[in-house]
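The values are calculated or read from the model by the stated rules, or taken from the named source; none is laboratory data. The model shown is predicted, which means the values in this text are computed figures rather than measured ones. Heads up, the Cβs are rebuilt from the backbone with ideal geometry, glycines too, and the neighbour counts pull from every protein chain shown. Ligands, DNA and RNA are excluded from the accessible area calculation, which covers all protein heavy atoms including side chains. Shrake-Rupley method; radii C 1.70, N 1.55, O 1.52, S 1.80 Å.
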Amino acid sequence: MKRALAFALLFAVPVFAIDTDCPEITQLGALYQLRSLMARGTTSEYDVQRFIDGRIDELREPLRDGGHRWIRWVRPASGGPVFKREHSVMAVHGDGSRDRIEGSAPHAFSASVVVPRKRSLIRENNPAWVGVLEVTWEIDGRPTTRQETINQWMNPGTSRTIDFAIADRAHATADVATAEKHVKQALVEIHLRQAVAEDDPANPAYPTIRALQRIRENPDPPVVDAEIAALETSIFPGTDSLPLLTILADLRYADELMRSSKPEEQEKGSKLLKETLRRLR
């Protein structure tokens, strides 16, 4: 049994694991590296995920000032992250005072002043008076400021929004007040809706990243073997890819069964061993 495991491990060692000018070879090298890691009996799922995350980060090409060369920011089709800043209004409308609410967020593309329907799960909100919503955003170091004069009461469940291009960073402010009877009982929020990062398909390593992401979602031996088989067949037409990780997992399981004190499990393990060794011939 030990010889069978050693034989399978020998084939699980990567033939190469270097980057080249050929994206397919780069991808195959990354998959061989991953297969070699997973072939070790002490490798955990965390180890696999950490390797994949590190390899993907390298393939995206980190920049010195932060971010990555091959990451782009896009508006989500729906939903997406929203930075929120809450404020319980204390200023009283009519006495000349104003509260100032503000918030900042990276990669934002819109800013809103919002009077939510509720100020808690069980408490209803109250109207707030909103003066000016102002947003300053930066794109490639160039700041732009835009103001929208509202100067009116906003009821719970309403909002006003300023849209702009996806910015490196945006800062929004609004001056607010409420009725004297609603002091600390009127909630106003600043919302900065943010873009989401996605891999740039123009990256030569894009197929490798996608393959590694698929494996990260389901890091099982058959998944890795299937990715390798598809790529080997594409690069070397007519070749038969051996599912080495799956075979190794079956050999280990057969060994576990054969060590059992139950005769039926020993027989099952012996049968699995014979079937698995047949696939290595």
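Would you mind classifying region 184-257 by shape? Square roots of the alpha carbon gyration tensor eigenvalues, ordered a ≥ b ≥ c; an a/c under 1.5 is rounded, otherwise it is prolate if a/b is larger than b/c and oblate if not. Oblate is the answer for region 184-257, as a/c is 1.5 or above yet b/c matches or exceeds a/b.
Measuring only protein heavy atoms, the 1.4 Å probe finds residue 112 accessible over about 20 Å².
Computed with a 1.4 Å probe over protein heavy atoms only, the accessible area of residue 68 comes to about 50 Å². Residues in the chain average 57 Å² of solvent-accessible surface per residue, probe 1.4 Å, ligands and nucleic acids excluded. Please work out how many pairs of lysine residues in the chain are eight or more positions apart (or on different chains) and have Cα atoms closer than 24 angstrom. For the chain, qualifying lysine pairs total 10.
Averaging the sequence gap over all C-alpha pairs within less than 8 Å and six or more residues apart, then dividing by the number of residues, gives the chain a relative contact order of 23 percent. Listed values for region 100-108 are Karplus-derived 3J(HN,Hα) couplings in whole Hz (6.51 cos²θ - 1.76 cosθ + 1.60, θ = phi - 60°), namely 10, 10, 8, x, 10, 7, x, 6, 8, and x replaces Gly and Pro.
Note: relative contact order over region 138-281, using C-alpha pairs below 8 Å and six or more positions apart, is 12 percent. Please report, as a whole percent, how much of the solvent-accessible surface of region 96-159 comes from carbon and sulfur atoms (probe radius 1.4 Å). The nonpolar share, carbon plus sulfur, comes to 44 percent.
Working from label points 7 Å from Cα in the Cα-to-Cβ sense, the residue 158 to residue 25 distance is 6.6 nm. Using θ = phi - 60° in the Karplus curve 6.51 cos²θ - 1.76 cosθ + 1.60, the 3J(HN,Hα) couplings for region 173-179 round to 9, 8, 9, 9, 7, 8, 6 Hz; x is entered for Gly and Pro. A simple rule links phi to the HN-Hα coupling: the Karplus curve 6.51 cos²θ - 1.76 cosθ + 1.60 with θ = phi - 60°, which for region 138-153 gives 10, 10, 6, x, 9, x, 9, 10, 9, 10, 10, 7, 9, 6, 7, 6 Hz, with x for Gly and Pro. Heavy-atom accessible surface of residue 78, to the nearest 10 Å², is about 100 Å², with a 1.4 Å probe and all protein chains retained. Highest mean first, the peptides 189-200, 139-150 sorted by other C-beta atoms within 10 Å per residue fall in the order 189-200, 139-150.
On a 0 to 90° scale, report how tilted helix 45-59 is relative to the longest principal axis of the chain, with both axes built from alpha carbons and the result rounded to the nearest 10. Around 70 degrees separate the two axes. Of the residues 119, 214, 40, ranked by 1.4 Å probe accessible area with the largest first, the sequence reads 40, 214, 119.
From the square roots a ≥ b ≥ c of the eigenvalues of the alpha-carbon gyration tensor of region 150-281, which class results: rounded (a/c under 1.5), prolate (a/b over b/c), or oblate? In terms of gyration-tensor shape, oblate. Using a Gaussian network model of the chain in which every pair of alpha carbons under 10 angstrom is joined by a spring, one finds that among 121, 245, 31 the greatest mean-square fluctuation is at 121. Ordered from highest to lowest accessible area with the whole protein assembly present and a 1.4 Å probe, 154, 258 read as 258, 154.
Summing charges over neighbours of residue 193, with a neighbour being any other residue whose Cβ is under 11 Å away from its Cβ, gives +1 when K and R count +1 and D and E count -1. For the chain, modelled as a GNM with alpha-carbon contacts under 10 angstrom, which of 96, 29, 67 fluctuates the most? In the Gaussian network model the winner is 96. Over the chain, DSSP H runs of length four or greater, each weighted -39,500 (n - 2.57), average out per residue to a 222 nm ellipticity of -12000 deg cm²/dmol.
Sorting 253, 32, 206, 46 by accessible area puts them as 46, 253, 206, 32; the probe is 1.4 Å, largest comes first, and only protein heavy atoms count. On the beta carbon distance between residue 69 and residue 138, with R0 = 22 Å, the FRET formula returns roughly 0.65. Identify the residues of region 63-82 with backbone N under 19 Å of a label point that sits 7 angstrom from the Cα of residue 197 along the Cα-to-Cβ direction, or state none. So the set is 63-77, 80-82. Spin-label model, residue 82/residue 271: points 7 Å from Cα along the beta carbon direction are separated by 5.8 nm.
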